[in-house]
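The values are calculated or read from the model by the stated rules, or taken from the named source; none is laboratory data. Owing to the predicted nature of the structure, the values given are computational and were not obtained by experimental measurement. Cβ atoms come from the backbone with ideal geometry, glycine included; neighbour counts cover every protein chain shown.
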Amino acid sequence: MTMKFKHLTPLFFLTFAILPLAAGLVYALLYSLGMVGALGQGFTLQNWQSTLSDVSFWASFGVSIVIAAMVTGISTGLALGLLLWLRPQLEQPTVRFLLHWPLALPPMIAAFFSFQWLGSSGMLARIALHIGWIDRIDDFPNLINDAWYFGVCFTQILLTFPFFLLLLRSHYYAANLPNFAQLAATLGASSSYTHTRIIIPVLLQRAAPTLLLYFVFLLGAFEVPLLLGRQSPAMISIFINQKFNRFNVADLPVAYVVTVVYSVLLIVIISIFWNVRKRTLQPTLSPDS
Amino acid sequence: MRRIVTVLLLSLFVLPFGYLLLLSFATGWRFPALLPEEGLTLDHWTNLGSTGGNWGASALTSLLLAIAVGLISTAAGFLTAKQLAAHPRRSLWLTLAYFPYAFSPVIYAHCLKFFFNVSNLSGAFSGVLLAQFILTYPFAILLFFNHFDPAIKAMEDLTYTLGGSARAAFWRVLVPISRPALLICFFQTFLISWFEYGLTAVIGLGQVRTLTIAVYQYIGEANHYVAALASCLISLPPLLLLWLNQRFLLAPGHGNLA
């Protein structure tokens, strides 16, 4: 590698990895302040004032944070529980192979599957009708596009917890936990004591950076809420997409304001992630992890 | 009990693939039927969508895009990570690489849209390719960052000590020992592109019709049989990679794709 190439590499990285995001965010900020764009008439805070006083904006952020936290929490709990309970079964090659299958399911396809199964004329409704749980199609509860975001949460958990299960399983062996558990048992610790005081804390500490990063991905989820979520309050990616795609150009500054707020939130979370990652000293995105 | 739970769990994981495959062969499967009423047909698969949907062209677009994105991102990520991992400000570069990676692709696409519009790249294959490269390039760097550890550096230095040129060190040492990591990165970036929907929809304006874009259109048109077919096609490469991983690369001495 020549010296010239060495100096050009950071420049290439900045041009294609950082500059597009930075330029996009600066443009969004300037647009939200009325300084660029077709509607720009000079510096104004009016777009910010109107957006920040809009209930639907806060509802969108609230719904997104609650769903992302709930899916991360439930998936982590499920993965931990299954890892501890089904560990002998999880070591069988066929089981391990099939555990990877949900990773081959992109969010759009998982959402389509849930749409087909959870909808009012879906497979679950048909099964319920055949076994006599319901008499008419209207008797089946709304499980998609519903007020409680059941369809979105179910689908996200279906996609997330197998990944968490594989992640925690790899940490389980990387942290040498079978030997620690055996040592604890030799010293007289009960199984539940070993689980709650040794295995779960170690696993959570090691997996914390990845769990936090996954929370960020879920916060910005798009395909699943697009098919299965509600229009209002919409999750944040849907909310921003709606504002950008509406025919009313007055919505554009609002879209840019929300984009800037989302970015600030992301920067805060990534900073926390970075600190957690440094503390745990665990590389989370290496090919071996 | 544990055995039953395991079987139920695995059935849940396999069910989407089985159901979508069956739906792709169905013609009439309406409420309240539990199974297709009018039997199964190969028509949706054999006519390549020529009677509606044109999924064959979408599959080709997705394939070309994913291969190009995978190759370019892997090559660029490998070269960049090699330099940045040895840079005095290594930690800063790594932190910066996380931001575009963690950003929601659809929101990122809206941020970029203005620049793509003024460059006439919106709605073009090259525009979507560039946008997906911008998305996958930081990911590739993150994948390779930990790969370039002191052991690899020592091996490279040994080549120079033994009189090897920079070219020989790169092609005869670095690339061969990095082959598993290169493969993993290619497949991961290939799959990101193959699965991508939001960014492609915003930058491609619906004119670059990949399989994921097609699936959403089919669902909107209530053409569920062809949507299921396109879903099967989308799931095929990752399942194939999983099988290859299980069959060949899980053997001792090989890298792991999954």
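Every listed requirement among (1) within 30 Å of A:THR94 (Cα to Cα); (2) surrounded by 15 or more Cβ atoms within 10 Å (Cβ to Cβ) is met by B:VAL69 save one, (1). Flag not set for B:ILE107, criterion: among the aliphatic types (A, V, I, L, M), assigned to a helix (DSSP H, G or I), surrounded by fewer than 20 Cβ atoms within 10 Å (Cβ to Cβ) and out of contact with any His (no Cβ under 6 Å at 6 or more places or on another chain). With the requirement that a residue be surrounded by 15 or more Cβ atoms within 10 Å (Cβ to Cβ) and free of Cβ contacts under 8 Å to residues at least 24 places away in the same chain, what does segment B:150-173 give you? If the condition is that a residue be surrounded by 15 or more Cβ atoms within 10 Å (Cβ to Cβ) and free of Cβ contacts under 8 Å to residues at least 24 places away in the same chain, then B:GLU156, B:THR159, B:GLY164, B:ALA169, B:PHE170, B:VAL173 are the ones that fit. Checked against the criterion of being touching a residue at least 12 places away in the same chain (Cβ under 8 Å) and out of contact with any helix residue (DSSP H, G or I) (no Cβ under 9 Å at 6 or more places or on another chain), the candidates A:GLY81, A:GLY42, A:GLY62, A:GLY34 yield just one match: A:GLY62. Test of understanding: among B:PRO180, B:PRO176, which residue is surrounded by fewer than 24 Cβ atoms within 10 Å (Cβ to Cβ) and away from every other protein chain (no Cβ under 11 Å)? Only one candidate qualifies: B:PRO176. Tell me which residues, restricted to segment A:212-268, are in contact (Cβ under 8 Å) with a residue 12 or more places away in the chain, farther than 27 Å from A:SER75 by Cβ and part of a helix (DSSP H, G or I). Selection gives A:LYS243, A:LEU252, A:PRO253, A:VAL254, A:ALA255, A:TYR256, A:VAL257, A:THR259, A:VAL260.
Against the conditions (1) modelled with pLDDT of 95 or more; (2) under 30 Å from B:THR80 (Cα atoms); (3) among the polar types (S, T, N, Q), A:THR76 satisfies every one except (2). So, B:LEU121, is that one part of a loop (DSSP other than H, G, I, E, B), out of contact with any strand residue (DSSP E or B) (no Cβ under 7 Å at 6 or more places or on another chain) and either within 11 Å of chain A (Cβ to nearest Cβ) or at pLDDT 90 or above (or both) or not? It is true that B:LEU121 is part of a loop (DSSP other than H, G, I, E, B), out of contact with any strand residue (DSSP E or B) (no Cβ under 7 Å at 6 or more places or on another chain) and either within 11 Å of chain A (Cβ to nearest Cβ) or at pLDDT 90 or above (or both). Return the residues of segment B:67-103 that are of a type in the set (D, E, K, R), assigned to a helix (DSSP H, G or I) and facing chain A (nearest Cβ under 10 Å); say none if nothing qualifies. If the condition is that a residue be of a type in the set (D, E, K, R), assigned to a helix (DSSP H, G or I) and facing chain A (nearest Cβ under 10 Å), then B:LYS82 is the only one that fits. When B:HIS147 is tested against the conditions (1) within 11 Å of another protein chain (Cβ to nearest Cβ); (2) part of a helix (DSSP H, G or I); (3) touching a residue at least 24 places away in the same chain (Cβ under 8 Å), the lone failure is (2). Within segment A:142-187, the set of residues being part of a helix (DSSP H, G or I), under 27 Å from A:PRO233 (Cβ atoms) and not hydrophobic (A, V, I, L, M, F, W, C) comprises A:GLY151, A:THR155, A:GLN156, A:THR160. For B:ALA214, are the conditions met, namely being part of a helix (DSSP H, G or I), more than 22 Å from B:VAL128 (Cα to Cα) and at pLDDT 85 or above? Taking the combined requirement at face value, the residue does not satisfy it.
Taking the criterion of being surrounded by 20 or more Cβ atoms within 10 Å (Cβ to Cβ) and facing another protein chain (nearest Cβ under 8 Å), the residues of segment A:73-100 that qualify are A:LEU82, A:LEU99, A:HIS100.
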